[in-house]
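Colleague: The structure that follows is given in the form of structure tokens.
The values are calculated or read from the model by the stated rules, or taken from the named source; none is laboratory data. Bear in mind that the values here come from a model prediction, so they are computed numbers and not experimental data. In this analysis, Cβ positions are derived from the backbone assuming ideal geometry, glycine residues included, and neighbour counts consider all displayed protein chains.
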Ligand SMILES: N[C@@H](CCC(=O)N[C@@H](CS)C(=O)NCC(=O)O)C(=O)O
């Protein structure tokens with residue numbers, strides 16, 4: 001799994017959640033001025049929208065948008081979801 005991030009950007013939330021969930025992941029830094037990766041590839045190849053975060057799963061699937069990525073991480077580690085019957089919806093309320 002690879003988290004595409006930029007220092008100080010909102011991808012920090014996903015980074016924290018991945019750490020909290022104790023998930024194995026690599027980090028790939030995105031230059032948001034040029035939309036390129038460290039190896040010179042265009043970031044648009046990963047996320048056509050051009051912004052961070054993006055989370056590439058081990059099967060190649062790429063998730064974008066903080067709400068989707070943070071919900072995905074919480075689904076892998078349910079302790080991140082508030083307890084109770086409406087916990088999942090409370091999570092979405094907070095993320096939105
Ligand atoms: N709707 C997106 C917004 C992401 C976003 O605005 N990312 C900013 C950094 S916090 C970004 O990458 N900006 C650079 C750009 O749009 O080119 C989400 O919630 O994930």
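Colleague: Among the listed residues 75, 39, 58, 22, identify the single one that is modelled with pLDDT of 95 or more, at positive phi, more than 15 Å from the ligand (Cβ to nearest atom) and not in a strand (DSSP E or B).
Modeller: Answer to the check: 22.
Colleague: Kindly indicate whether residue 3 is in contact with a helix residue (DSSP H, G or I) (Cβ under 7 Å, 6 or more places away or on another chain) and at pLDDT 95 or above.
Modeller: yes
Colleague: Ok, one more. Pick from 70, 27, 80: which is surrounded by 17 or more Cβ atoms within 10 Å (Cβ to Cβ) and either more than 14 Å from the ligand (Cβ to nearest atom) or in contact (Cβ under 8 Å) with a residue 24 or more places away in the chain (or both)?
Modeller: 70
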